[in-house]
Amino acid sequence: METRKLQEAGGYTHTVSIPKKWVTEHRLEPGMELQLYTHLDGSIVIRSSAEDVEQLAEATVEVDGDDPKRIRQAIQMAHTGGFETVTLTPRQLFTDAGRRGARSAVRNLVGTDVLAESETEITVKHLMDPSNVSICQSLVQIQYAALLLHEDATVAFVNADDARAHVDERADRVARFAQLITRHFSRSLISLDELDRLDVSRPDLFDYYATAHRLSAVANRAVRTARIAEKLPEPLSEEIAGDVRSAAEDARNAVDTAVAAILKDEDGVSTAHEAIKYRDDAVTAVDTLEQTLFDGSCVESVPTAVALTSALDHLRRTADHGHAIARIAVQAAIRAENLDNRA
């Protein structure tokens, strides 16, 4: 670590000298334009003007031209990695199925389009300016879709219905916005300008990213519950169905309230503790339902009992994700309070 004194250069300008070794190592020259970033923790970061932007300008990925799944994965990974333009090149040639896979991937990404496609190259570009993106609103979209998805899956399960249409649509919506948040979080690790354009602090962006990851897991649990519902031979008995619906509502309330604490809709710590109470109620209800299965007081067919056991595990995990989000909210509240006290 080097130390330097702040010097007044006259008027409203102050200067800090940079060690010559640093200038040489970072290829800085007199007259070069530099970018200065200030952060809530009091740090000041200096970077050369084009360095971070150029690193994220373009990526080239080689894929199997006849494998739509691999092509979709490559586009999604490069997108969430933060690259502006992604060029896919085939090991042989892109087939019609491969090009359809690329178009399918782009349809499920926010603000992205196919610029060019041929047998030898597919180019995909992200067109949305970060300054037009609201990370908070994107998180709200994920929250709304994930909780509706969970509610649909619960109804489908207790009624032994097929809710695939609603479930798949909402799962895709969760994935689209979760990938968008992941993209901007990835970019912020390299480009400090990203934080300025998003108008969000690095700690808050990390909290939103971690919360989006948990909400994606909630959606995944709901999808798996809906898949179990498709295989149920019969609806649940009314008594068990009522208990499952009640436990599911507590689990959703745990997630919903925890996200509200993250978004600072209410007092962060007290709202987070309310979410934890919902989570505890959901887990208690799940424990009780599992006990009725094990001691034989719940009379269900063997296939239904097996399905119920799996669904209850997904329900417990959903409540735990709400608890994890609540912990993120408490940490954020403590961090914010102490930063404010030091300011």
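Details
- Summary of packing: across the peptides 327-336, 2-11, 230-239, 74-83, the per-residue average of other C-beta atoms within 10 Å ranks them, highest first, as 74-83, 327-336, 230-239, 2-11.
- Karplus-derived HN-Hα couplings along region 319-329 (A = 6.51, B = -1.76, C = 1.60, θ = phi - 60°), whole Hz, x at Gly and Pro: 4, 5, 5, x, 5, 5, 5, 4, 5, 4, 5
- Neighbour cut-off at most 11 other Cβ (10 Å), DSSP loop, trypsin sites (Lys or Arg not before Pro), region 64-106: Arg91
- With the charge dipole of region 1-112 set up from +1 on Lys and Arg Cβ and -1 on Asp and Glu Cβ about the Cα centre, the Cα lying farthest toward the positive end among the listed residues Gly31, Ala78, Ala59 is that of Ala78.
- Taking amide H as placed 1.01 Å from N in the peptide plane, Glu58 has its amide H under 5 Å from the amide H of Glu84, Thr85, each at least 5 places away in sequence or on another chain.
- Ser201, Ser188, ranked by accessible area, largest first (probe 1.4 Å): Ser201, Ser188
- Asp113 exposes around 80 Å² of accessible area when a 1.4 Å probe is run over every protein chain in place.
- Straight-line reach from Lys264: taking Cα to Cα under 22 Å and skipping same-chain neighbours fewer than 8 places apart, the lysines in range are Lys277.
- Estimated vicinal HN-Hα couplings, Hz - region 70-76 in sequence order (Karplus 6.51, -1.76, 1.60; Gly, Pro = x): 5, 5, 4, 5, 4, 5, 4
- Taken along its three principal axes, the alpha carbon spread of the chain comes to 83, 60, 30 Å, from the longest extent down to the shortest.
- Sulfur and carbon atoms: percent of accessible area, the chain [1.4 Å]: 49 percent
The values are calculated or read from the model by the stated rules, or taken from the named source; none is laboratory data. Since the model is a prediction, treat every value here as computed from it, not as a measurement. Every residue, glycine as well, gets a Cβ built from its backbone with ideal geometry; the counts of neighbours run over all protein chains shown. In case anyone asks, the SASA skips ligands and DNA or RNA and just uses the protein heavy atoms, side chains included. Shrake-Rupley method; radii C 1.70, N 1.55, O 1.52, S 1.80 Å.
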